[in-house]
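Worksheet: one structure, shown below.
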Amino acid sequence: DGRRRTTTRTSSGSLQTTDEEHRMRGTPWRIEYVNLMTSFVPGYDAYAGGQQVISLLDLIFWAIACGAFELAFTLWRRCRSPLRAALLAQCMCSRIKERKRTHIAELERLEQTFCKAATGVLDMVEDQETARMLLQSVSGPSATLGVRGDRRISTIDLAIELNNKEFIAHRYCQGILDEMWLGRDARCGRVQLWRKTSPWQILLQIVCPCLSLVRLKRNDLFPDLGGEGRSMSAVHAFTGLWYIPAVKRMVHLVSLTVFAILTVIVTLMPTCAPLGATFYCWAVYLVAYIMQECQQFLQGPSLWWRNMYNKVDAVLIVFLLAMAMMRVVISLHGNSAHTAVDLLDWIGQMQRVEVGLDLHVEAPLRPGWPWHAEAEMLSRRLDSEHQCSWSVALELYRTTAAVVMVFFAFRMLEWFTNDSEKGVLIEIISRMVDNLWHWIQIMVIFTLFIAIAMSILMENFKLTDAEEGIYLFGSLNLDLSAGGPFMAPFWGIFGFYEPADIARAPGSAFITPLIFWSYLLFALLLMTNLLIAMFNDTYVSVKAKSTEHFLMNRVLKLKGYLVQYVVPIPFNMPYMLWDLMWQGVASLGAYCRRAGRRPNAGVLGIKQTRVGIEPVQDLEKPLASPPKKVCFDLADDNEAANGNGAPRPLQRQGTLGRLEASRKLLRQNTRRQLATVRAVKNVRKEASTSVARSVDLTEAHARDRYLKQKEEEGATAADFSQLEVRLRRLEGALTAQLRELASQLEARPALPPRASGACAAQTPPPREMQSAVSGDETTPSRSAVVAGSPLMRFRRGREPSHRSPPPPPPPRPFL
């Protein structure tokens, strides 16, 4: 599985890992558990080797591996470093989902929960500086998780390594990264940009250092030994400007554009002309370009590989080296001795030479095509100044030069990476190219066999004004020319063929148009629409998270520019050679110092040497001749010095006496050195522990506020849900009552007609009729207002409930 193991076979025949068992001997882990967790959490093997107890973070990982998702989130509520724990839990859920393909819905839900938890905890941080302390802290035992090896990384670097786009898109992370772009980082120079500046303004400032076009300020994170109060010279300010990532990006793009223009000039020069100053200048550019890419790769291989433009650079360098080699070969050999006019002509000549035929006789490689061009054409080509005849080196040179131009076109897209709109489009194009790669594998296999079928069905097919056939395999009737039957299905996808051209081919089979129609039906309707659907899905998915994709690509470019060499190409070559020489000298000196420590019986099991003490044989072995007189200095170590503080002179009563005294002095020095190292380690450990404790407390407070806010939101949501349930129940009860009332009204007999005459005249009209008679349209009655309500729909068959009070009864007559 890629990890180093030393295996030994026991007497029973079973294999055991001796190095891992020895490393895990003082830990509570088993090797199987560590191997399982390392496959899902990078760097867990190095982390487990230094732990003596099980933490809540380990229980979170175990709960996720066992499928106890609720338990994992419950443990996260009480663990240390909640930001790191949430990021690592997301990574573990994603890897289990991709590799095991089980419980996908639950894992996605848990991953989203931890994603919201991480961003929610970060939302609860008070200000940007506190967030900087949390996100750039490398303290704590879990700082090695997320990367291979025992390298400690910060929380924001962990999010970058795990490709967590949602966390990187947070405003605090982007604030830190924006400040890094401006130069506020310990890896940058003494100065930083005051605010975001135009790239062209930065370029003018570099070209014209005497002008003050860019406003700078002191980088407070730079370890300046001169102090904060000292004024900065103009030289330091100008040299510190080159360390800013925004400046590095602009200078790198300009130098790369100059290199591309110089490459175009070299490729368009006469091929057989002698190598001039332009070619040598281009070669220096190429060497400097290669050195810069090697330096970036050695600084961080994983980060280098994740950048799309670094992959393009690697392929581009390979083709540039091939082009340079072919150009040197052409310049050295000049015109070739053979008379071939192109690659196929040269292959045919080689085949004819093998069988011993005359070169001027027509060969089956290209029937009907003359092996020699006309004499006038050859003389016109060869008489021109510095014009080469065809050769294999020339063919390879032209091919590699054309491929280099294609890759330079992709490389120049880096100019638009900092633009939000164009950067998203570039990301979409890269995803679509990936989709096209998967699609074209299926399409090529199907088209290849259809092309062989076409070569069988219409072997004599030729397009109008097409060249003669190309038969690379003499014994096979397979025409590989662009206008032949083999290439017909490849061009048919783009609509280059008519049905009549297929049908009237001499000697073609009757079923040929039907086979070709079936192929086009499959290729154009099915496969092409499938590709369009894949492109559409990619566009929608990337566009939905366009901000996250753009910011993540921007972060990767920033990390690359932070480790990039400060001097641009081609001026970086002498500086890098100087640095490489000094590093080699330092490494050689360190190796010599390590090699000069010859082993001796030292104190505490450490092999040490002391200058002036010659090696003696082992004391445990019997001496060849016993000493005459041995005097041991049995004084205490504290009395090893005189009153003046000087060490006592070594006694000379024998070899063993001198050796014992030397060992005492060496034991004293060793104890003092170990005490000093122990004290320094304790100070560093206390400082790291205090910083880790402060970071953990800040993250814990932010997590508690997030959980409290989440509980409040959950309580509010529960109240709303309960109110909604009550309203639904009330609505159901009212609906049932209304339906019961409607059924009662329908079952009730109709009312008798109203009496006319005096009785009718005494009946007062309802309010609707009174308002209608009076013509008052501005003040409608209450019955008119609520006429559209559900209750009034059931009251239309009854008398209105709201009416004027009845008039008093008439007085009775006196008699």
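A Cβ distance below 7 Å, combined with a sequence gap of six or more or placement on separate chains, defines the contacts here; from region 233-246, residues that are of a type outside the set (A, V, I, L, M) reach residues that are open to solvent by 20 Å² or more (accessible area, probe 1.4 Å) in the pairs H236/R190; F238/P209; G240/R190; W242/V566; Y243/V566.
Sub-6 Å Cβ pairs linking a first residue in region 191-215 that is without any contact (Cβ under 8 Å) to a residue 24 or more places away in the chain to a second residue that is surrounded by 17 or more Cβ atoms within 10 Å (Cβ to Cβ), at least 6 apart or interchain, are L213/Q205, ordered by first then second residue. Residue-level analysis places Y285 among those that are closer than 30 Å to S391 by Cβ and either touching a helix residue (DSSP H, G or I) at 6+ places or on another chain (Cβ under 6 Å) or assigned to a loop (DSSP other than H, G, I, E, B) (or both). Residues in region 4-22: is at least one of a type in the set (S, T, Y), open to solvent by 20 Å² or more (accessible area, probe 1.4 Å), assigned to a helix (DSSP H, G or I) and at pLDDT below 80? Yes, that holds for at least one residue. Looking at F416, F494, F410, which one is within 30 Å of S508 (Cβ to Cβ) and not basic (K, R)? Of F416, F494, F410, the one residue that is within 30 Å of S508 (Cβ to Cβ) and not basic (K, R) is F494.
Among the residues of region 479-497, the ones that are in contact with a helix residue (DSSP H, G or I) (Cβ under 6 Å, 6 or more places away or on another chain) and closer than 15 Å to E459 by Cβ come to 4 in all. Check P570 against each of (1) surrounded by 16 or more Cβ atoms within 10 Å (Cβ to Cβ); (2) in a helix (DSSP H, G or I) and name the one condition it does not meet. All conditions pass for P570, except number (2).
Taking the listed residues L707, L727, L723, the one that is modelled with pLDDT of 70 or more and closer than 23 Å to R80 by Cβ is L707, with no other qualifying. Only one entry in T239, T257, T263, T271 is farther than 30 Å from Q174 by Cβ, of a type in the set (S, T, N, Q) and assigned to a helix (DSSP H, G or I), namely T263.
Okay, residues lined up against (1) surrounded by 20 or more Cβ atoms within 10 Å (Cβ to Cβ); (2) at pLDDT 90 or above; (3) on the phi < 0 side of the Ramachandran plot:
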site	(1), (2), (3)
V247	yes, yes, yes
A260	no, yes, yes
T263	yes, yes, yes
M269	no, no, yes
T278	no, yes, yes
Q292	yes, yes, yes
Q299	no, no, yes
W304	yes, no, yes
L320	yes, yes, yes
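Filtered by the rule that a residue be closer than 22 Å to G189 by Cβ, in a helix (DSSP H, G or I) and touching a His at 6+ places or on another chain (Cβ under 8 Å), region 525-566 gives a lone residue, Y561. One residue stands out in region 66-98 among those that are out of contact with any helix residue (DSSP H, G or I) (no Cβ under 7 Å at 6 or more places or on another chain) and free of Cβ contacts under 8 Å to residues at least 40 places away in the same chain: the one that is nearest to V691 (Cα to Cα), namely T74. For region 442-461, the candidate set comprises residues that are of a type in the set (F, W, Y) and open to solvent by 30 Å² or more (accessible area, probe 1.4 Å); within that set, the residue that is nearest to A509 (Cα to Cα) is F449.
So that you can scan it fast, the table gives a plain yes or no per residue for (1) over 21 Å from the mean Cα position of the chain (by Cα); (2) within 24 Å of P42 (Cα to Cα):
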residue	(1), (2)
H103	yes, yes
T113	yes, yes
L158	no, yes
A169	no, yes
V191	yes, no
R195	yes, no
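Scanning region 532-562 for residues that are surrounded by fewer than 17 Cβ atoms within 10 Å (Cβ to Cβ) and farther than 20 Å from K165 by Cβ returns I532, A533, F535, N536. One residue stands out in region 106-138 among those that are part of a helix (DSSP H, G or I) and among the acidic types (D, E): the one that is surrounded by the fewest Cβ atoms within 10 Å (Cβ to Cβ), namely E129.
The values are calculated or read from the model by the stated rules, or taken from the named source; none is laboratory data. Just so it is clear, the model here is predicted, and its values are computed rather than measured. Glycine also receives a Cβ, built like all others from the backbone with ideal geometry; neighbour counts cover every protein chain displayed. The area values use the complete protein model at the heavy-atom level, side chains included, leaving out ligands, DNA and RNA. Shrake-Rupley method; radii C 1.70, N 1.55, O 1.52, S 1.80 Å.
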